[in-house]
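Student: There's a structure below that I have some questions on.
The values are calculated or read from the model by the stated rules, or taken from the named source; none is laboratory data. Source: prediction; values computed, not measured. Don't worry about glycine lacking a Cβ; one is built from the backbone with ideal geometry, like all the others, and counts go over all protein chains shown. Note: accessible area is taken over every heavy atom of the protein model, side chains too, but ligands, DNA and RNA are not part of it. Shrake-Rupley method; radii C 1.70, N 1.55, O 1.52, S 1.80 Å.
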Amino acid sequence: MACKKEHSHTDTIVEELPIDQGGVGRHKCASCAYEAGYKYGLLRAENINLESILDNIEESQKGQRRHRSPHAAYSLGYYHGVLDSYQS
């Protein structure tokens, strides 16, 4: 299914991530991956099944998230979430 979520904020974040056109990440929504990583980062989750997370992310060929690495997006989101967890 194609992602139809409004990602105006995260699209600007993921536009600088590396291109990834192969493997499990092909056509996955990088903005959704970033948001998932951010959520887990806020929790400082330690047991993460990234393969399962990426499998459940919708596909997207839209705008800035086109072909961006969902692995890099998730990692960056996780990092930002951890940083923000210390602000709470």
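Student: Just the residues that are part of a loop (DSSP other than H, G, I, E, B) and either open to solvent by less than 30 Å² (accessible area, probe 1.4 Å) or touching a residue at least 24 places away in the same chain (Cβ under 8 Å) (or both), please, taken from the range 16-32. Let's see the steps before the verdict.
Tutor: Of all residues in the range 16-32, those part of a loop (DSSP other than H, G, I, E, B) come to 16-18, 20-22, 26-27, 29.
Leu17, Pro18, Asp20, Gln21, His27, Cys29, listed by residue number.
Student: Give me a count of the residues in the range 1-15 that are touching a helix residue (DSSP H, G or I) at 6+ places or on another chain (Cβ under 9 Å) and assigned to a loop (DSSP other than H, G, I, E, B).
Tutor: Counting residues in the range 1-15 that are touching a helix residue (DSSP H, G or I) at 6+ places or on another chain (Cβ under 9 Å) and assigned to a loop (DSSP other than H, G, I, E, B) gives 4.
Student: Give all pairs with beta carbons closer than 9 Å in which a residue from the range 33-54 that is more than 22 Å from His67 (Cα to Cα) meets a residue that is modelled with pLDDT of 95 or more and of a type in the set (Lys, Arg); count only pairs at least 6 apart in sequence or on separate chains.
Tutor: Going by the 9 Å Cβ cut-off, the qualifying pairs are Ala45/Lys39.
Student: Using the structure shown, decide if Ala45 is open to solvent by less than 70 Å² (accessible area, probe 1.4 Å), modelled with pLDDT of 95 or more and part of a loop (DSSP other than H, G, I, E, B).
Tutor: Numbers: open to solvent by less than 70 Å² (accessible area, probe 1.4 Å): yes; modelled with pLDDT of 95 or more: yes; part of a loop (DSSP other than H, G, I, E, B): yes.
Judged against the criteria, Ala45 is a match.
Student: Next up: Can you name every residue in the range 1-52 that is among the hydrophobic types (A, V, I, L, M, F, W, C) and under 13 Å from Tyr74 (Cβ atoms)? Don't jump to the end; show me each part of the working.
Tutor: Here is the first cut: in the range 1-52, the ones among the hydrophobic types (A, V, I, L, M, F, W, C) are 1-3, 13-14, 17, 19, 24, 29-30, 32-33, 36, 42-43, 45, 48, 50.
Correct list: Ile13, Val14, Leu17, Val24, Cys29, Ala30, Cys32, Ala33, Ala36, Ala45, Ile48, Leu50.
Student: When the range 1-15 is examined, which residues are found to be of a type in the set (S, T, N, Q) and open to solvent by 50 Å² or more (accessible area, probe 1.4 Å)?
Tutor: Of all residues in the range 1-15, those of a type in the set (S, T, N, Q) come to 8, 10, 12.
Matches in the range 1-15: Ser8, Thr12.
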